[in-house]
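Visitor: So that we are looking at the same thing, I have put the structure below in structure tokens.
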Amino acid sequence: MAVREPRGVVSSRLADPEAYVLDHYIATGGYEALRLAVTEMSPEQVRQEVKESGLTGRSGGAAFATAAKWDLLADGDPRYLVVNGDESEPGFFKDRALMEADPHQLLEGALLCAYVIGAPIVFVYIRGEMALAQERVTRAVNEAYGRGIVGASVFGSGFSCDVVVHYGAGAYIVGEETALIESLEGKRGFPRIKPPYFPAVKGLYFQPTIVNNVETLSTLPWIVRYGGAAYAAFGGGRFLGTRLFCLSGRINRPGIYEVELHHPTFRDLLYDPTLGGGIPNDAELRAFIPGASFPWFFEEQLDLHLDGDEVGANGSSLGSGILVLDSTSCPVRTAWRLVRFFHHESCGQCTPCREGTGWMDKVMRRIESGSGRLEDLDLLLDVGDNISPGPFPHPTRWGMEPVVVPFPYRQTTICPLGPSAVSPVESSIWRFRDDYLLHIKEGGCPYREHPAPTR
């Protein structure tokens with residue numbers, strides 16, 4: 001299908017080298033939505049526009065309605081807004097780009113959210129390694145304070161809100177909202193048990209707290225400026241509006257693309273000449289991963305639409321980071337690198353994740369280095385089943401129809417990090433068992449001699 005141009009809801013300034021400067025942002029329509037909201041609209045009117053837009057969370061695959069999340073806030077004073085800028089999953093780099101290139105858009109969206117929920121203070125939590133994002137967001141906040149956009153009586157409206165920028169220390173686990181709150185409080189980033197620690201009820205300093213990610217908040221200025229109905233005109237079903245997708249791996253045009261949801265397919269996203277542009281050298285597609293922590297997809301799933309319900313019904317989740325493998329890519333090595341990442345980033349609070357991801361990392365390393373054993377495949381699946389119990393085809397049952405990986409995950413851990421490490425192992429063993437056998441029988445990776453494809 002022809003991919004419809006979404007008019008750059010959140011990405012219109014990503015290629016503008018001066019967009020991070022306040023005067024330039026204002027010249028391109030910046031802060032008009034905030035001025036309109038605080039001087040002419042009530043918080044409830046703004047909330048209704050967001051509700052009508054159908055905007056859902058843009059952090060991963062949960063896709064919880066943004067306005068409905070705000071409605072969950074318990075009574076209490078003060079209330080807090082926390083901006084989750086700790087994006088760090090392999091293949092995800094959209095939030096980083098938004099903070100670096102268009103920080104005022106994020107700040108405007110955060111202030112709009114604070115206005116709706118009645119938060120007197122916003123905490124912007126930025127991943128420790130994102131030095132440029134930290135610099136740009138901090139500069140944006142200081143510029144906004146100087147113009148009366150942040151602080152006492154925003155635009156003379158009587159609405160006051162302060163903004164604090166907090167730099168993380170580089171832990172993937174604090175991308176989980178309760179671990180982020182723990183870190184923000186000065187403690188080790190351990191996820192909290194839910195219930196009772198739902199942030200909307202017991203969040204930062206055990207006060208009602210909303211945690212939204214960067215893209216979600218960056219979408220709010222457009223919605224308030226043009227109306228929720230205009231945003232809902234994109235997409236369809238339960239997945240309305242647009243979304244940023246990051247393409248990486250064996251793809252001709254890696255980068256960030258904003259497309260509408262529901263109508264385009266993965267094939268459009270990967271092969272449209274204005275988007276991914278296909279695979280280098282017209283190589284065969286082996287797999288594409290719709291999020292490093294999600295079950296893998298293959299050629300037969302290319303025509304699934306960018307709709308979370310449709311993707312979920314087929315055993316995975318709609319993430320924002322699409323990693324592409326072609327005929328020269330080693331699925332074993334890819335799975336091992338993902339397992340190694342999740343093992344390294346485990347906070348260590350839950351035994352199945354702390355120990356199990358380490359065991360899988362060691363076994364995968366053994367297979368990839370040429371010292372693997374046939375029984376390692378059973379061992380990997382057995383360890384994975386203890387972290388994330390559920391049906392999955394076992395090597396001894398290989399002739400049977402595949403069993404769809406249960407998603408959302410069943411888990412024996414507080415947060416989904418442990419099951420995230422299981423996903424690449426089980427996906428790759430199910431689809432590419434012969435590649436594992438080649439590694440074991442030939443004593444090494446058969447893809448190491450293949451040159452990287454040229455564009």
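What follows draws every value from the coordinates through simple rules; no lab data is involved. These numbers were taken from a predicted model, which means no experiment stands behind them. All Cβ positions, glycine included, derive from the backbone under ideal geometry; neighbour counts span all protein chains shown.
Visitor: So how much slack lies between residue 229 and residue 410, counting 0.36 nm per residue of separation and subtracting their Cα-Cα distance, in nm? Don't jump to the answer; show the numbers that get you there.
Guide: Working: separation 181, 0.36 × 181 = 65.16 nm, distance 3.66 nm.
Gain on extension, residue 229 to residue 410, equals 61.5 nm.
Visitor: To the nearest 10 degrees, how steeply does helix 417-431 sit against the main Cα axis of the chain, on a 0 to 90 scale?
Guide: Between the helix axis and the principal axis of the chain, the angle is about 40 degrees.
Visitor: How many lysine pairs in the chain, separated by 8 or more positions in sequence or lying on different chains, have Cα atoms less than 20 Å apart?
Guide: Numbers: 51/69; 69/194; 69/202; 187/202; 194/202; 362/441.
For the chain, the number of qualifying lysine pairs is 6.
Visitor: Could you give the length gained on full extension between residue 27 and residue 337, defined as 0.36 nm per residue of separation minus the Cα-Cα distance, in nm?
Guide: Numbers: separation 310, 0.36 × 310 = 111.60 nm, distance 4.45 nm.
Separation in residues times 0.36 nm, less the Cα-Cα distance, equals 107.2 nm.
Visitor: Continuing with this model, one more query. Could you calculate the FRET efficiency of residue 157 with residue 206 from 1/(1 + (r/R0)^6), where r is the beta carbon distance between them and R0 is 22 Å, rounded to 0.05? Let's see the in-between values first.
Guide: Values: r = 30 Å, r/R0 = 1.35.
Efficiency, from the Cβ-Cβ distance: 0.15.
Visitor: Moving to a separate point now. Loop-only check: which trypsin sites (Lys or Arg not before Pro) in region 178-245 are DSSP coil with at most 12 other Cβ within 10 angstrom? Intermediate values should be presented prior to the final figure.
Guide: Values: sites: 187, 188, 192, 202, 225, 238, 243; in loops: 187, 188, 192, 202, 238.
Passing sites in region 178-245 are 187.
Visitor: Taking 8 Å as the Cα distance limit and 6 or more residues as the minimum spacing, I'd like the relative contact order of region 235-326 as a percentage. Walk me through the numbers on the way to the answer.
Guide: Details: 199 pairs, mean separation 30.0, N = 92.
For region 235-326, the relative contact order is 33 percent.
Visitor: For helix 131-146, what angle does its Cα long axis make with the longest principal axis of the chain, in degrees from 0 to 90 and rounded to 10?
Guide: The helix 131-146 is inclined about 10 degrees to the chain.
Visitor: OK, next. What does the extension gain come out to for residue 164 and residue 145, with contour length at 0.36 nm per residue minus their alpha carbon separation? Could you put the intermediate results ahead of the total?
Guide: Details: separation 19, 0.36 × 19 = 6.84 nm, distance 1.14 nm.
Gain on extension, residue 164 to residue 145, equals 5.7 nm.
Visitor: For the chain, I need the span (max minus min coordinate) of the C-alpha atoms along each principal axis, in Å, sorted largest to smallest.
Guide: Per principal axis, max minus min of the Cα coordinates gives 73, 46, 37 Å.
Visitor: Report the antiparallel proportion of the DSSP beta bridges in the chain as a percent, rounded to a multiple of 5.
Guide: Numbers: 16 of 37 bridges.
Counting only bridges with both partners in the chain, antiparallel ones make up about 45 percent.
Visitor: Just to confirm the filter: which chymotrypsin sites (Phe, Trp or Tyr not before Pro) across region 188-243 are DSSP coil and have at most 12 other Cβ within 10 angstrom of their Cβ? Write out the running numbers ahead of the final one.
Guide: Working: sites: 197, 205, 206, 222, 226, 231, 234, 239; in loops: 197, 234.
For chymotrypsin sites (Phe, Trp or Tyr not before Pro) across region 188-243 that sit outside H, G, I, E and B with at most 12 neighbouring Cβ atoms in 10 Å, the list is empty.
Visitor: If you don't mind, another one. With each pseudo-label sitting 7 Å past Cα toward Cβ, what's the residue 386-residue 284 distance in nm, one decimal?
Guide: Taking the simple label geometry, residue 386 and residue 284 are separated by 3.7 nm.
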